[in-house]
Amino acid sequence: MPPTTHEPAPSPPQAMPDVQGSADTRRVAIDKVGVKDIRYPISLHCPPRKSADRQGDTSKGDA
């Protein structure tokens, strides 16, 4: 007879709190928002049967 495992029963799903929609009580002035220096690997396919691997850098922000 194989050994039995006693796993806990799965708990029911719970809603995540809406943190982004809640009030900010930290009293910190934010002048800019965004992301900076994001790097994406890019593979360029060039005929005939050649490819070049490069890296793309980008930033996106709003003041």
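Using DSSP loop states and a limit of at most 16 other Cβ atoms within 10 Å to flag trypsin sites (Lys or Arg not before Pro), what is the longest stretch of the chain containing no flagged site?
Longest site-free region, per DSSP loop and neighbour criteria: 1-25.
Which residues does a label at Gln20 reach in region 31-63, if reach means a backbone N under 16 Å from a point 7 Å past the Cα toward the Cβ?
Inside the label zone: 33-35, 61-62.
Since every read-out is calculated from the coordinates, none of them should be taken as a lab result. Fair warning: this is a prediction, and the values are worked out from it, not measured in the lab. So basically every Cβ, Gly included, is an ideal-geometry build from the backbone, and we count neighbours across all protein chains shown.
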